[in-house]
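Accompanying notes for the structure given below.
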Amino acid sequence: MSILNTIDSPADLKSLTSEELGQLAGEVREFLIETLCQTGGHLASNLGVVELTLALHQVFDSPIDKIVWDVSHQCYVHKLLTGRRDRFEGLRQYGGLSGFTLRTESEHDPYGAGHASTAISSAIGLARARDHLGLDHHVIAVIGDGATTGGLAYEGMNNVGASGSDILIILNDNEMSISPNVGAIHEYFTTAISNPLYNKVKDQLWETVGKVPAVGKPFRSVARKVDETLKNLLVPGIIFERLGIRYFGPVDGHDLDGLIRHLGDIKNLTGPKLLHIRTVKGKGYQPAEDDAAVFHGIGAFDKDTGCREPGDGPPAYTSVFGRSLVEECRRDERIIGITSAMPAGTGLDLLEAEIPERFYDVGIAEGHAVCFAAGLAAEGLKPVCAIYSTFLQRGFDQIIHDVALQKLNVFFCIDRGGLVGDDGPTHHGNFDLSYLRLIPDLVIMAPKDENELVNMLRTGLLYDDGPIAMRYPRGSGEGVEISDEPVELPIGKGEVLRDGLDVVILAVGKMVGRAMQAAEILKGNGVEATVVNARFIKPLDTDIIDRIADEIGHVVTIEENTIRGGFGAGVLEYLSESGRYGVTTLCLGLPDSFITYGTIDQLLKDQGLDPEGIALSIGTFLKSGALNMKSFRSV
């Protein structure tokens, strides 16, 4: 009999025996593998927290007690145990469950996330709110060792220690980056220091003897030194103790009975606490254990072999960028590649393999990555900062203050620009053109295809008059031939791809190809459109805009970016500044709202940015009076 099928809420775990919980852990793993081999998702990280999630829901009482998952890509088991099992096949699918915690999805998700290093800060906020409101419940933050490379995690820990508030931090360590292997002495010591009787005696002795005149102060000083010496020898937790957070661990994160015991022992200890657990990413599924990086976030795969079907079609923009950067590094020894914990995701793993001395992975620390790049550039090197669009948001101040203000030659190569699909609103790169365009002296460009990406990479590396950025989309290129020798593009100059006298379409990036397709649809309805690959969002090609605006007078802009403050806004600003008030304009882009998860094609269609939607919008624009085209047929 399946135990998982009987679990509709965390309360259903309370009556299970140790053996039944062990069986449930196996069923959860099998369910995850069976489901994700069809839908894709974050498999390795979720397999690694099965026992932890079961233990948390066994010991604590969600939703009264608040469990905050850092990043929250490892929340699948949590979702299975909190009433969402029947909807799980729609995970990360259009109209289905989010792949991350989501406040509007369940009362068991007290805080939404999608970026790393946020759990401790948000959890102490929840804890202090509890204190202010006079409530009595537990707050638990679960954070991985990778997320502790982000500075926000330490800012949060600093505040946690200073607050003295009751909060439990679970440090899920699966990489050897913090401690040596768990051994018998660690388990023994952790069992001792987490025992309620030990802590009660320790606290009473501290309070009682500490108050004795002439004895108390020396006793406390000696006791503290002995305690710290032991912990330095036996556990790697002294940094947390120094921050005012009582440390327990490390313990085996796959020992379900042990986890339940440890959590029960420290549950009601007052003040900030941290339990350090050791886990294996991909636990229980050999292909994921062997290659946790691949199975961190994976598409559909063969359950028996763990292999993915080789994809047909053009190479991805990411791989084209990675290969081209390696060649550029061979051409110019000053070029340095930098990423923030995403070498494979950005294509910089190719540089790491080929020229490792020119590769830096700084961890989940985007602000540091930008500052680090600024320091390299200040000494004449050519740093290439390869960061996803949604994550570069975290380095926004550094781009302004440390790079642009000093006019340093840092090249930002921004992957995942535009919609990214099933990871949803926390990962869509639909704000970068807007937040970058407002920065003085920053050049911004976007390639229409993979060959133009290679040319823009060469252009950015040759540019020596300040910072420059190139944003490109997730997924496959357009299938064009890539030139053997890249060419430098003139800064701020676009290209006319098609001539027409009725309307001008100015497009950037991936939208250029869709604009060309839309122009064909329009032609079938009697409308001849000029299509311009603008290439540059900043500076604009004002020569082209002046000419076509004067000759045609009807302009449409298209971008895969929020409509607020992006490329189209820049064109409108220029038309106003140049006094061309008679030019009629239509700006097409992503709406001023957060966009859900689903396939990229489905989401673009929803927003009217597929070729048919673009043609329809332009047709409506023209019929509304722009050209008095009464004979225009609906498309």
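Annotations
- Evaluating L501 against the criteria (1) in the same structural domain as E559 (by TED's automatic domain parsing); (2) part of a loop (DSSP other than H, G, I, E, B); (3) crowded, with 17+ Cβ neighbours inside 10 Å leaves one unmet condition, (3).
- Being of a type in the set (D, E) and touching an Asp or Glu at 6+ places or on another chain (Cβ under 8 Å) is a condition met by no residue of the range 366-378.
- Selected residue (criterion: surrounded by the fewest Cβ atoms within 10 Å (Cβ to Cβ)) from residues of the range 21-65 that are over 21 Å from D290 (Cβ atoms) and of a type in the set (V, I, T): I64
- Restricting the range 456-489 to residues that are within 15 Å of D332 (Cα to Cα) and assigned by TED's automatic domain parsing to the domain that holds S434, the residue that is surrounded by the most Cβ atoms within 10 Å (Cβ to Cβ): G460
- Within the range 434-453, tally of residues that are closer than 16 Å to G494 by Cα and hydrophobic (A, V, I, L, M, F, W, C): 5
- For the range 107-131, the set of residues classified as in contact (Cβ under 8 Å) with a residue 40 or more places away in the chain, more than 16 Å from G144 (Cα to Cα) and part of a loop (DSSP other than H, G, I, E, B) consists of E107, H108, P110, Y111, G112, listed by residue number.
- Selected residue (criterion: nearest to the chain's Cα centre (by Cα)) from residues of the range 132-163 that are part of a loop (DSSP other than H, G, I, E, B) and closer than 22 Å to L56 by Cα: D145
- Check on A119, farther than 13 Å from L13 by Cβ and modelled with pLDDT of 95 or more: yes
- The range 432-448, residues that are in contact with a helix residue (DSSP H, G or I) (Cβ under 7 Å, 6 or more places away or on another chain) and either within 13 Å of V320 (Cα to Cα) or assigned to a loop (DSSP other than H, G, I, E, B) (or both): I439, P440, D441, L442, P447, K448
- In the range 267-383, counting only helices (runs of 4 or more DSSP H) that sit wholly within it, the ones holding 1 or more residues that are over 25 Å from the mean Cα position of the chain (by Cα) and either farther than 30 Å from L91 by Cβ or free of Cβ contacts under 8 Å to residues at least 24 places away in the same chain (or both) span 286-290, 317-331, 349-354, 366-378.
- Verdict on Y94 being within 20 Å of the chain's Cα centre (by Cα), crowded, with 22+ Cβ neighbours inside 10 Å and aromatic (F, W, Y): no
- Per the conditions (1) modelled with pLDDT of 95 or more; (2) under 22 Å from R471 (Cβ atoms), the sole criterion not satisfied by P315 is (1).
- Pairing each residue of the range 568-596 that is under 24 Å from N533 (Cβ atoms) and outside the structural domain of Y94 (by TED's automatic domain parsing) with any residue that is of a type in the set (D, E) and modelled with pLDDT of 95 or more, provided the two are 6+ apart or on different chains, yields C-beta distances under 9 Å for G568/E559; C587/E559; L588/E559; G589/E559; G589/E560; L590/E559; L590/E560.
- Any hit, the range 276-287, residues being within 20 Å of V139 (Cβ to Cβ) and buried (at least 23 other Cβ atoms within 10 Å of the Cβ): yes
The values are calculated or read from the model by the stated rules, or taken from the named source; none is laboratory data. In this text the structure is predicted, and so the values were computed from the model without any measurement. Glycine also receives a Cβ, built like all others from the backbone with ideal geometry; neighbour counts cover every protein chain displayed.
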